[in-house]
Structure formats: C-alpha cells, structure tokens
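One structure below.
Read-outs throughout are calculated quantities, based only on the coordinates presented, and are distinct from any laboratory measurement. Fair warning: this is a prediction, and the values are worked out from it, not measured in the lab. Cβ: placed from backbone, ideal geometry, glycine included. Neighbour counts: every protein chain shown.
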Amino acid sequence: MAAKTLNRTTATLLRRLRHPLAVVIGGYLILAACMNLAPPDARQHGWWKGLGPVMPHDTFPADCSLCHVGSDWQTLRDDFVFDHEAETGYALDGAHGAAQCLLCHNDRGPVETFAARSCAGCHEDVHQGFLGPNCVECHTEVSWRPFGQVERHFATRFPLIGAHAMASCRSCHLGAEAGRFQPVDTACVSCHQGELARTANPPHLGLGWVDRCDRCHVQTNWNQARVVPE
Amino acid sequence: MIKGKEQRGQRSLGWCLAGSLWVAVAWSGPVHATAAQEQTAVERFPVRVTAVIAGGQVEIDRGRDVRIEVGDRVVFQTKSGQRYSGRVEQVGDRQSLVRPTDPQAVLPLATRGDVWVPAERFESEAEPEQPVVVDPEVVPVPPEHPPWKRLEEEWSEQDPLLARIRPLRPEERVSRQGGRVYGIWEPRFFSDTGQSEWYHRIGGEYWQENPFGRGGTLRIDGEWQRWQFDRPFADDVGDTGLRLDRASYVWGGTRYERRRYEVGRFLMPGMPELGLVDGVAASERLDNGHSFGGAIGGFPEPDGDLESGHDLTVAAFYRWVADASERWTGVVAFQKTWHDGSQDRDVLVGRMDWMPLEGWQLHGHLWVDLYESGDVGKSSGPEVTVAYLTASRDWNDQWGLHAVASYRRFPLVLRDEYQPTAPDTVLRDHNQRVSLGAWQRLDEQHKLSARLGIWDDEDDDGGDVEVAVDRTNLWGANSRGQLALFHNRAEFTDLYGMRAVYGRFGGGTHWDVLYEFSQNHERGLPSDLDAYYQHRLRATYGWQKAADWSFSIIGEQVFTDDDAALFLGFQYDRSF
C-alpha cells in the first residue's frame with residue numbers, strides 16, 4: 001500500500017511539472033551521486049574481526065603471510081588475491097569475480113550445495129519459472145541485461161517481425177519490467193485493440209472487421225492494407 | 001641448360017634427402033622421447049613462491065614432504081604467463097630454496113609452479129605393508145582424536161584462525177551491507193506510425209545483514225520508471241511509477257537455525273513460481289534435509305507496478321531432497337487465492353530437478369488448476385495449465401543434446417494477471433511445443449549446432465529449424481563469429497533467413513555486430529502480395545571496470561519493404 005501511495009504521489013507531482021524530462025535528468029544525477037557515495041569499504045575480500053573465523057584452511061599454503069598481515073589474523077594483505085578457478089575448479093567470471101566472498105561462503109550452508117543448483121542456488125528466479133532454468137540463454141555473468149530476445153523469439157510460433165522486433169517487451173507481456181513474462185494470445189487484437197478502435201478509414205468496427213487482421217494486413221504496416229476486402 | 005638441369009636435379013635430390021631425414025627424425029622423435037620418459041618417470045607437484053630471498057633465490061612451500069631433493073627442477077609460471085625454470089638448492093621439511101636459471105627472472109610472492117620429482121623416490125612407499133593382526137578384545141581401539149580440552153565458548157577474537165573454534169553466529173557479527181544501483185534509458189522510433197517511445201528506469205537493490213543485532217537480513221529492491229509515447233496520430237501518453245520488487249526482513253534458515261521467517265514483500269521462499277507475497281512466510285528444515293513451509297498475505301498483481309490490495313493468498317510447500325548434495329530435489333506446493341473477497345484460484349504446483357555432475361540433467365514443473373462447479377466454462381476437477389520438462393546432457397564438452405517439451409493454457413482467474421483476453425480465449429487457447437537441439441564441437445575453434453521445434457495451438461501448427469556454425473578466434477584472438485540459417489513456419493508467416501554475428505571480448509570490454517535477413521510470406525494473402533523482406537542490424541558495446549562498474553550501449557534497427565524501426569539502449573550498473 002505504501003508503494004501504491006508513493007506511486008500516486010509521484011505521478012501527481014510529475015503531472016504538475018511542466019518538464020518531466022528535467023525530473024528524469026535530475027533522477028539520473030541523483031543516481032550518479034548515489035554511485036559515488038557507495039560505501040568505500042566494500043572490498044571483495046574485505047574482512048574484519050567482527051565477522052569471526054571463516055571456513056577451514058586445511059588446503060591453504062603453509063605460509064600464512066601470503067594472505068595475512070603480521071600477527072593479526074583478522075586483516076588480509078592489501079594485495080591479497082585468490083585464484084578461485086585454480087584453487088577450487090570453479091571460475092568466477094564477470095561480476096562474480098568482484099563479488100564479496102561472503103555472498104556465497106556464508107551461514108546458509110555448504111556452498112557446494114548451492115552451486116549444484118546452478119544460478120538458482122543463489123539468485124532468486126524473478127521470472128518465477130516461466131522462462132526455464134537456463135539463465136545463461138539470456139544473461140551473462142557480466143551483466144543481467146538480457147540479450148538476444150529477438151533471436152530467441154524465432155523459436156516460437158510468433159517470431160518478431162517489423163516493429164514487433166523493436167517493441168519493448170512490456171508492450172505485449174504485462175509485468176515484463178518486473179521479470180514476469182506472462183503468456184500472450186497471438187491474435188492481433190490482443191495487443192492492437194487501440195489501433196482497431198481508432199481506425200476510421202474505413203471504419204473497421206462499423207464494418208465488423210474486428211478480428212483476423214492478417215487477412216488484409218502484413219505485420220509491417222498497419223496504415224495500408226495489402227488486400228481490400230470486398 | 002644441362003648444367004641448370006643438373007643443378008636443379010641435385011637440389012631436388014638434396015630436398016628429398018632433407019625431407020626423408022626430417023620424416024625419419026619426426027618419426028623416431030616420439031620413440032626416443034618415450035624411452036627417455038620411461039627412464040626418468042617423474043611426479044609433478046604444484047608449488048608456490050612463499051618468499052623472495054636476497055641473492056636471487058625464492059622459497060617454495062614444498063620440501064621433503066614431497067621428496068624434493070637438491071637439484072630437482074622447478075618450473076614457474078607468472079600471472080602474465082611467462083615461464084621460468086630453476087633448480088632446488090636447499091631443502092627443508094615443508095619448504096625449499098630454488099635458484100631460477102634466469103638471473104633476471106622476477107617471481108613475485110604467490111607465483112605458481114611445478115616441481116618435478118623422480119617417481120622412484122616413492123617406490124618404497126608403494127610396497128604393501130604387512131597387515132598387523134590385532135585382536136580387538138585384547139587391544140582397545142584408540143579414539144580417533146583425543147578429547148578436546150577447550151570448550152567452544154572459550155574462543156576469543158585473538159585466537160589463531162586454524163584453532164578449533166566456535167564460529168560467530170549471525171547475530172554476533174557486525175552489520176554489513178551491499179547492493180547495486182542501475183540506470184536504463186531506452187528510446188524507440190517507429191516509421192510506420194511515427195510514434196516514438198521513451199523509457200527511463202532507475203533502480204537498485206540493497207541488503208544489510210544483521211541490521212538489528214538479531215542476525216537477520218534486510219532486503220530492498222525497487223525501480224523508478226517513467227515512460228512516454230509521443231504519438232502523431234493521437235494524444236501523447238505517459239506514466240511514472242515506483243515499483244517495489246522486494247522489501248523484506250528474513251531471519252533464520254542458516255546452518256545454525258533451521259527455522260526461517262520472512263516478513264514484508266518477497267518471492268515465495270523455496271517456490272518462486274507462486275509469486276510475490278505481501279505478508280509473512282515461515283519454513284523449517286528437517287534433519288534429513290527436507291523442508292516445508294508456508295506463506296500468507298497480499299498477492300500483488302504481476303504487472304508493471306505490482307499493485308497490491310485486491311488479492312490474498314495462502315500457500316504451503318514441501319521440499320524433498322535425495323541427499324545432502326541436493327542434486328535431486330522435488331517440491332510440491334498448493335496455493336489458494338481470493339480476489340476482492342471472492343474465492344479465485346486453487347492450484348497445485350510441482351517441480352523437479354535432477355542435476356547430477358555427470359549424465360542427463362532434468363528440470364520440470366507442472367501446474368494443475370483445481371476448478372469447482374461454479375467456475376463457468378470449466379468442468380469441475382483438475383486441469384493442467386502449465387507443463388514444462390527440459391533435459392540436457394553434454395559429453396565431455398564435445399557434443400550435447402537439449403530437449404524441451406512444454407504445454408500451456410490460460411487459467412480461469414478473476415484477478416488481473418493476464419492481458420485482457422476474451423472469455424472464449426481463456427477457454428480455447430492452448431499451445432504445446434517440443435524442441436530438440438544438438439551441438440557438436442568440430443575442432444578447437446568450430447562448433448556446429450542445430451535446433452528443431454514443432455508446435456500446435458487451438459488454431460494452427462508449425463515448426464522452426466535453425467542450423468548454426470560458431471567459430472572462436474575468427475579474425476583475431478578473443479573473438480567469435482556465428483553464421484546461422486533458419487526457417488520458421490509461424491502463426492502468421494513462413495519465413496526463411498540467415499544471421500551473421502561477429503564480436504570480440506576481453507580486457508573488460510566486449511562488442512558485437514549482427515546482421516539478419518529474412519524473407520517472409522504472410523500466410524493467407526494472395527501469393528503475389530504475401531512476400532516482404534526484413535533486414536535487422538544490431539551493434540552492442542559493453543564495458544566493465546573493476547568488475548563493479550558496467551556500462552552497455554546497444555543500437556538496433558529493423559527495416560522492411562514498408563517500415564523501419566530503431567531502438568537505442570543505454571545501461572549502467574554499479575555494485576557496492
């Protein structure tokens with residue numbers, strides 16, 4: 001409910017503003033400021049005594065000074081590095097290479113258990129199971145920005161042709177911004193109800209042309225039909 | 001002329017002799033090498049530089065423990081890939097001093113290497129020892145380890161790291177935080193209607209561990225967005241909103257606390273298929289690793305602003321695991337919802353995962369809606385609304401198979417979960433699809449892949465096929481190219497096309513360019529009017545700095561005989 005109230009307030013404020021673009025630019029500036037204010041002590045291998053002891057070191061090198069400074073067990077060397085792939089056989093690519101160790105090695109339990117579940121072991125499936133278990137078909141470890149959606153649509157009954165290829169996902173899939181890709185009926189009027197209602201020349205609704213748009217139109221042009229019905 | 005011929009003849013004879021000698025050496029080389037290896041079989045042990053000694057020596061972390069002796073050979077490889085060799089000059093119990101052959105060699109701390117130890121030094125160990133017969137009734141079996149003298153609670157922060165000590169519990173740790181922020185700007189332009197679309201999104205995730213000294217975790221994810229459509233044919237439209245994806249506090253569910261609680265807005269724990277909940281959830285892990293739990297609360301609509309208040313949900317799940325590795329799991333859940341006070345949906349959801357290290361990997365989920373006599377248009381009883389099964393396997397990373405079978409139809413629900421659909425659509429619409437993909441690595445650089453899919457729905461049927469060749473290191477290192485041919489008999493079109501992609505990556509950046517061409521035939525139109533061609537161009541560039549900053553830009557244009565559309569996208573992201 002709080003979000004709903006905030007939504008309304010924000011929308012009202014913006015409607016009263018004469019230049020929404022100024023608000024957008026301001027938002028980006030605030031975002032940039034937030035980025036610069038990110039906590040400085042967010043080092044990947046950051047460790048301090050308040051976190052207590054970590055996992056067993058049985059297989060680590062005999063020389064403690066490779067990682068630790070002097071006699072202080074709680075502080076790691078500034079130039080400490082850990083070759084995760086060589087030591088564990090599991091490469092940390094992209095953003096994983098900069099993740100804090102404790103994001104995976106923590107109190108949940110043995111990390112092997114979670115790694116066995118692939119991405120879903122650590123990342124919640126915000127698509128709620130609708131897009132299958134193989135995240136890397138659309139995402140990389142460098143960025144969660146999805147790629148290749150148009151190519152992937154070629155493996156469906158509705159390949160994206162013409163303007164469809166450039167349309168935002170949310171135009172058809174309600175909730176796409178939140179990662180939820182609801183199934184959609186492929187009939188044209190499912191998405192183009194507005195175009196149908198606006199068309200006055202000829203008046204489609206008046207003539208009863210309310211479905212099967214594909215009998216006259218191709219997917220690349222609404223303004224001009226290729227076939228004129230008799 | 002004759003002299004010239006003789007010279008050429010002698011030269012040819014010389015080449016023949018040289019070639020024969022080369023073949024002979026090449027042929028006999030491996031034999032000699034094999035013989036040499038047989039004479040000096042060695043064991044290789046990984047080592048690391050643990051100290052740099054004045055005078056050019058370095059210390060490694062292996063010694064007599066792996067039978068190293070003076071004079072043994074060590075090969076180091078620096079992080080930049082340079083290799084240096086050296087000889088052992090002094091040996092200790094667990095360390096040795098090595099002098100690199102190249103006096104100019106720079107071997108920083110932690111440089112890796114291998115030491116070569118003759119296998120014969122281990123032969124005496126390989127001889128089987130004579131078993132000692134012990135009468136258990138006469139000789140008591142000693143305990144595995146003497147009893148610990150110190151109690152766990154005696155641990156202090158100054159104790160050595162390797163001591164048998166009690167780890168700090170979550171509630172005893174200092175609070176820490178992290179997250180990420182991002183911004184996205186995406187304009188789109190369409191020539192057909194003259195419409196332009198503008199999307200601005202700013203979002204972030206934030207988490208804080210132990211914020212209240214009770215060991216829990218606070219998580220907040222959300223996004224602010226504004227979209228605006230400039231339409232020459234009608235009034236412009238736009239909206240601004242804040243979407244809260246998550247705002248929850250969770251505690252428990254760790255190795256120390258088997259019960260887990262979560263309050264706020266969250267995805268159903270252990271069963272994200274059941275959606276977001278504004279409420280409370282509890283679950284418990286049993287001794288055998290199984291777990292069960294449930295949640296109750298509001299049920300936000302799954303659209304762009306996740307509006308809550310119209311729907312309520314109650315859900316429960318049971319999760320079964322085959323063993324501690326959790327590579328074979330199954331979950332069954334039941335969810336009941338109400339919309340504006342009226343009973344809405346009863347659904348059973350099952351999910352199964354089989355993920356062995358070797359062999360076939362399986363994943364499947366099944367949704368069964370339970371209808372009652374009052375659900376108009378549906379016969380009372382169970383009806384499958386979603387079924388999904390995928391199986392995949394690869395053989396030594398040389399070739400692999402991937403199969404997917406899916407079935408889906410709209411459930412009959414009161415709440416605004418799907419795009420407005422006519423009642424008849426809800427009752428009739430369904431689609432099912434089966435696809436099979438395979439790939440094979442032809443050599444170190446080439447990979448061939450193919451995919452075949454067939455589908456049918458309430459009106460039609462069709463299929464699609466795609467064959468592609470990938471090549472790595474094409475026109476330079478760290479590059480990749482792909483050429484694909486595809487055909488799709490789709491709902492409204494039959495199309496044939498090709499796609500070419502080339503990209504490079506490495507050094508924190510990546511880019512690629514794509515060109516795609518397709519010939520389309522609109523089904524149902526006369527054959528002289530049904531054809532049109534489509535071209536699609538795309539270029540992307542991504543940049544990552546220090547792994548916590550990333551920026552990407554994309555430009556994509558599609559143009560056909562009738563229209564054109566352009567998409568631009570910018571995204572930046574920072575983790576902290």
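Observations
- Exposure proxy ranking for B:Val347, B:Val413, based on other Cβ atoms within 10 angstrom of each Cβ and starting from the fewest, stands as B:Val413, B:Val347.
- Cα centroid of segment B:401-433 to Cα centroid of segment B:324-355, whole Å: 18
- Here the simple spin-label model places points 7 Å from the Cα toward Cβ, and for B:Asp394 and B:Ser342 these points are separated by 5.1 nm.
- Simple Cβ-charge dipole of segment B:42-123, Lys/Arg +1 and Asp/Glu -1, about Cα centre, in debye nearest 20: 280
- A straight Cα-to-Cα reach below 17 Å connects B:Lys79 with the aspartates and glutamates A:Asp79, A:Asp83, A:Glu85, A:Glu87, A:Asp93, B:Asp114, residues fewer than 8 places away in its own chain not being considered.
- Euclidean distance of C-alpha centroids, segment B:512-576 and segment B:230-291, integer Å: 33
- Peptide B:444-455, shielding by other chains (average Cβ, 10 Å cutoff): 1
- Rounded Å value of the spacing that divides the Cα centres of segment B:48-63 and segment B:478-510: 51
- Distance between the modelled labels on A:His96 and B:Tyr533, one decimal in nanometres: 4.4 nm (7 Å Cα→Cβ projection).
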